[in-house]
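The values are calculated or read from the model by the stated rules, or taken from the named source; none is laboratory data. Keep in mind it's a predicted model, so treat the numbers as computed, not measured. With ideal geometry, Cβ positions are generated from the backbone for all residues, glycine too; neighbour counts draw on all protein chains shown.
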């Protein structure tokens with residue numbers, strides 16, 4: 001196996017929502033998008049970060065180990081000083097309750113394979129490995145070798161991607177990918193850039209090229225009320241995805257939720273989006289609309 005390493009923030013051994021069947025999902029750090037609704041803020045930065053879980057912390061008076069090992073000025077508060085913290089993560093190694101824990105770790109291809117291969121008997125005919133993020137294509141050399149290894153060992157590989165990476169990289173990895181989990185967030189490029197920090201021309205182009213070269217998609221459309229669920233955007237989304245033809249084997253409508261908000265607090269970041277999730281009635285209307293275009297749609 002190639003002697004290279006990647007930076008991940010988690011491995012889920014029994015993932016049920018990251019592609020078909022039961023899968024081992026590996027989540028890579030680093031993403032070129034900054035979606036205002038992102039529910040995985042730990043995936044955005046490619047650097048190691050310190051997370052603090054307040055409910056697990058027993059305080060300085062009873063413990064204080066984090067303060068003892070911290071190379072920066074100490075306080076009588078267990079709350080990380082984000083202005084001084086350099087994410088050296090020394091405190092995470094001594095925290096007895098894991099209230100302080102690292103977001104991000106280095107890992108080898110062999111370690112991922114060994115961990116996932118132990119679950120192989122759970123995969124059945126439909127499960128396998130899902131390479132997710134963040135945007136795993138930002139660590140392309142590692143991800144390519146990882147996909148090749150699982151492909152050679154006859155384990156299905158899905159790639160969960162934003163679509164925002166060079167086209168030639170998608171065509172290079174395509175032979176080893178059984179399905180691309182692919183978000184379509186907004187069809188208007190200016191709106192897309194406002195909401196995510198990047199325009200959508202490359203994402204649209206890559207979807208078309210992957211389809212043209214025989215790739216398969218599980219399309220995912222996040223439904224963010226008042227930001228991307230207007231009639232015009234839903235129509236353009238349906239038309240574009242229907243135009244990809246048989247490449248679209250699954251189509252998911254993902255209702256916005258607020259469950260990721262607590263993760264921002266743990267990282268010392270602010271979650272600024274203040275909207276309510278879409279109603280069940282609205283989701284059903286959107287589902288009916290997408291089905292009318294012949295898409296294999298469902299609410300996830």
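Being within 24 Å of residue 268 (Cα to Cα) and modelled with pLDDT under 95 is a condition met by at least one residue of region 118-133.
For region 54-89, a residue qualifies if it is within 17 Å of residue 9 (Cα to Cα) and without any contact (Cβ under 8 Å) to a residue 40 or more places away in the chain, and exactly one does: 88. Within region 212-240, restricting attention to residues that are in contact with a strand residue (DSSP E or B) (Cβ under 7 Å, 6 or more places away or on another chain) and farther than 19 Å from residue 256 by Cβ, the residue that is surrounded by the most Cβ atoms within 10 Å (Cβ to Cβ) is 215.
For every residue, the table says whether it meets (1) modelled with pLDDT of 95 or more; (2) crowded, with 17+ Cβ neighbours inside 10 Å; (3) over 30 Å from residue 86 (Cα atoms).
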{"site": "249", "(1), (2), (3)": "yes, no, yes"}
{"site": "257", "(1), (2), (3)": "no, no, yes"}
{"site": "260", "(1), (2), (3)": "no, no, no"}
{"site": "263", "(1), (2), (3)": "no, yes, no"}
{"site": "266", "(1), (2), (3)": "no, yes, no"}
{"site": "272", "(1), (2), (3)": "no, no, no"}
{"site": "279", "(1), (2), (3)": "yes, no, yes"}
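Taken over region 196-213, the residue count meeting the criterion of being free of Cβ contacts under 8 Å to residues at least 12 places away in the same chain and closer than 21 Å to residue 159 by Cβ is 1.
Taking residue 51, is it in a strand (DSSP E or B) and in contact with a strand residue (DSSP E or B) (Cβ under 8 Å, 6 or more places away or on another chain)? Answer is yes for this residue.
For the criterion of being in contact (Cβ under 8 Å) with a residue 40 or more places away in the chain, over 17 Å from the mean Cα position of the chain (by Cα), closer than 19 Å to residue 15 by Cβ and part of a helix (DSSP H, G or I), residue 122 passes.
Within region 90-117, which residues are without any contact (Cβ under 8 Å) to a residue 60 or more places away in the chain, part of a helix (DSSP H, G or I) and surrounded by fewer than 20 Cβ atoms within 10 Å (Cβ to Cβ)?
Result: 90, 93, 111, 114, 117.
Residue check: is residue 244 more than 18 Å from residue 223 (Cβ to Cβ), in contact (Cβ under 8 Å) with a residue 12 or more places away in the chain and surrounded by 15 or more Cβ atoms within 10 Å (Cβ to Cβ)? Yes, satisfied.
Results for (1) assigned to a strand (DSSP E or B); (2) touching a residue at least 24 places away in the same chain (Cβ under 8 Å); (3) under 17 Å from the mean Cα position of the chain (by Cα); (4) surrounded by fewer than 20 Cβ atoms within 10 Å (Cβ to Cβ), shown as yes or no for each residue.
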{"site": "141", "(1), (2), (3), (4)": "no, yes, no, yes"}
{"site": "154", "(1), (2), (3), (4)": "no, no, no, yes"}
{"site": "158", "(1), (2), (3), (4)": "yes, yes, yes, no"}
{"site": "164", "(1), (2), (3), (4)": "no, yes, yes, no"}
{"site": "169", "(1), (2), (3), (4)": "no, yes, no, yes"}
{"site": "173", "(1), (2), (3), (4)": "no, yes, no, no"}
{"site": "185", "(1), (2), (3), (4)": "no, yes, yes, no"}
{"site": "194", "(1), (2), (3), (4)": "no, no, no, yes"}
